[in-house]
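The structure's right below; bear with me while I get my questions together.
The values are calculated or read from the model by the stated rules, or taken from the named source; none is laboratory data. Predicted model only: the values in this text are computed from it and were never measured. Note that we place each Cβ from the backbone using ideal geometry, even for glycine, and neighbour counts take in every protein chain shown. Ligands, DNA and RNA are stripped out before the accessible areas are found, and what is left, the full protein with its side chains, is counted by its heavy atoms. Shrake-Rupley method; radii C 1.70, N 1.55, O 1.52, S 1.80 Å.
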Amino acid sequence: MCNNEIIEIKEAVNAIQEKASLKPEVAMILGSGLGGIAKEVEGIAIPYEEIPHFAKSTVAGHAGNLHIGRLAGKNVAVMSGRFHYYEGYDLKQVTFPVRVMRELGCESMIVTNAAGGINTSFSVGDLMLITDHINFLGVNPLRGGNIDEQGPRFPDMSMAYTREYIDLARTVSKEQGITLREGTYVASMGPCYETSAEIKMYQTCGGDAAGMSTVPEVIVARHSGMQILGITCITNMAAGILPQPLSHEEVIETTERVKTVFRKFILEILKRM
Ligand code: HPA
């Protein structure tokens with residue numbers, strides 16, 4: 001049923017393996033402003049446009065690279081730059097790299113993002129361990145024929161984020177003296193930020209952080225049996241939580257401020273995964 005997709009995944013995998021012989025075990029997706037770690041991968045950076053069937057970037061200067069190599073003692077595949085639904089891609093395109101990284105050999109995935117804090121006990125600059133998510137995108141990347149080779153038609157999502165990695169992140173945060181928040185990430189479509197009323201609704205629904213990414217990639221990764229760690233950087237308080245407007249500048253400023261702590265935290269977790 002999904003022969004075309006399987007062929008496309010294999011073509012992408014073959015193209016990557018022609019350039020990189022190392023077999024990655026951990027996939028990483030680095031969110032807005034959090035991509036600096038990718039430069040530390042000892043290996044090769046493959047521009048997305050050189051990988052067959054990867055989406056073409058819509059944003060000038062935001063092409064993105066897939067880094068394959070060694071980082072913190074692990075073989076990794078690191079995406080610096082991800083595809084978002086709001087850019088106009090469909091969710092098959094958004095999640096295609098996850099399928100490819102799975103097929104390259106990755107059994108685990110670290111996914112990171114920037115998000116607005118809904119939980120009023122959070123502060124701007126906090127890191128939040130994603131313990132669960134709510135899909136408010138209104139679409140699902142698994143819609144359509146199932147790729148039986150990768151996973152079941154009706155995959156379980158009751159523990160989407162791996163218990164063992166949650167415990168590991170808690171341990172590392174204590175050792176490093178980092179305040180690590182925990183909570184539910186809510187994904188909406190964007191690209192506009194939420195209204196204050198939407199954030200109030202998310203709060204009522206149990207949401208702790210609001211963003212525009214991550215959920216599609218996690219659904220596809222779980223579908224194929226990957227183990228997942230999700231870390232959010234609370235780059236701003238969500239709409240209506242504080243009496244001030246939201247801006248992309250604030251998001252970038254916060255990731256810039258937090259990047260040293262974030263880097264040290266992620267690398268130590270990766271080392272011990
Ligand atoms: N809402 C949605 N996405 C975001 C936000 C937000 O407040 N901050 C960073 N990404």
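Taking the mean number of other Cβ atoms within 10 Å as a proxy for protection, how do you rank 40-49, 217-226 from highest to lowest? Mind dumping the intermediate values first?
On the way: 40-49: 16.3, 217-226: 23.0.
Highest mean packing first, the order is 217-226, 40-49.
Find which of ALA12, PHE83, MET109 sits farthest along the positive direction of the dipole of the range 1-123, computed with +1 on the beta-carbon of Lys and Arg, -1 on that of Asp and Glu, about the Cα centre.
MET109
Gap in Å between the Cα centre of the range 254-273 and the Cα centre of the range 21-47?
14 Å
Going Cα to Cα from LYS56, which lysines come in below 30 Å? Please leave out same-chain ones fewer than 8 positions away.
Partners within reach: LYS10, LYS19, LYS23, LYS39, LYS74, LYS92, LYS259.
Shifting gears a bit: Measuring with a 1.4 Å probe in the full set of protein chains, what accessible area per residue, in whole Å², belongs to the range 69-226? Write down the numbers at each step before the final one.
On the way: 6170 Å² over 158 residues.
Result: 39 Å² per residue.
Got a number for carbon plus sulfur as a percent of the chain's accessible area, 1.4 Å probe? Please list the in-between numbers first.
Working: 6060 of 12040 Å².
Roughly 50 percent, rounded to a whole number.
Roughly how many debye, to the nearest 20, is the charge dipole of the range 106-206 about its Cα centre, given +1 on each Lys and Arg Cβ, -1 on each Asp and Glu Cβ, and no other charges?
Details: 7 positive and 12 negative charges, 53 e Å.
The dipole of the range 106-206 has a size of about 260 debye.
Here's something else I'd like to know. Taking only DSSP H segments of four or more residues, each worth -39500 (n - 2.57), what value at 222 nm results for the chain once the sum is divided by all its residues, to the nearest 500 deg cm²/dmol? Present the calculation step by step, with values, prior to reporting the outcome.
Numbers: 6 runs with 88 residues, N = 273.
The helix contribution divided over the chain gives -10500 deg cm²/dmol.
Continuing with the same structure: Applying 1/(1 + (r/R0)^6) with R0 = 51 Å to the Cβ-Cβ distance of ARG70 and SER121, what FRET efficiency is obtained, to the nearest 0.05?
Values: r = 38 Å, r/R0 = 0.75.
Rounded to the nearest 0.05, the efficiency is 0.85.
Whose amide H sits under 5 Å from the amide H of ALA77, counting only residues 5 or more places off or on another chain, with H placed in the peptide plane?
Answer set, sorted by chain and number: GLU25, VAL26, ALA27, MET28.
Moving to a separate point now. Hey, with R₀ at 35 Å, roughly what FRET efficiency would GLN176 and CYS205 work out to, going by the Cβ-Cβ distance, to 0.05?
Working: r = 32 Å, r/R0 = 0.90.
According to the calculation, E is roughly 0.65.
Moving to a separate point now. Rounded, prolate or oblate: which fits the range 36-165 when a ≥ b ≥ c are the square roots of the eigenvalues of the alpha-carbon gyration tensor, with rounded for a/c under 1.5 and prolate only if a/b beats b/c? List each step's numbers first, then the result.
Working: a/c = 1.28, a/b = 1.09, b/c = 1.18.
Taking the square roots of the gyration eigenvalues as a ≥ b ≥ c, the range 36-165 is rounded.
Could you give the distance between the Cα centres of the range 128-185 and the range 223-247, to the whole Å?
One Cα centre to the other: 13 Å.
Could you rank the peptides 72-80, 254-262 by their average count of other C-beta atoms within 10 Å per residue, with the highest value first? Don't skip to the end; give the middle numbers.
Details: 72-80: 21.8, 254-262: 17.1.
In descending order of packing, they fall as 72-80, 254-262.
OK, next. I need the GluC sites (Glu not before Pro) found in the range 118-210, filtered to DSSP loop residues with at most 15 other beta carbons within 10 Å of theirs. Provide the component values of the computation, followed by the final result.
Numbers: sites: GLU149, GLU164, GLU175, GLU182, GLU194, GLU198; in loops: GLU149, GLU194.
Sparse-neighbourhood loop GluC sites (Glu not before Pro): GLU149.
Once fully extended, how much extra length lies between ARG143 and CYS192, figured as 0.36 nm per residue of separation less the alpha-carbon to alpha-carbon distance? Can you show the working numbers first?
Details: separation 49, 0.36 × 49 = 17.64 nm, distance 2.47 nm.
The span from ARG143 to CYS192 would gain 15.2 nm if fully extended.
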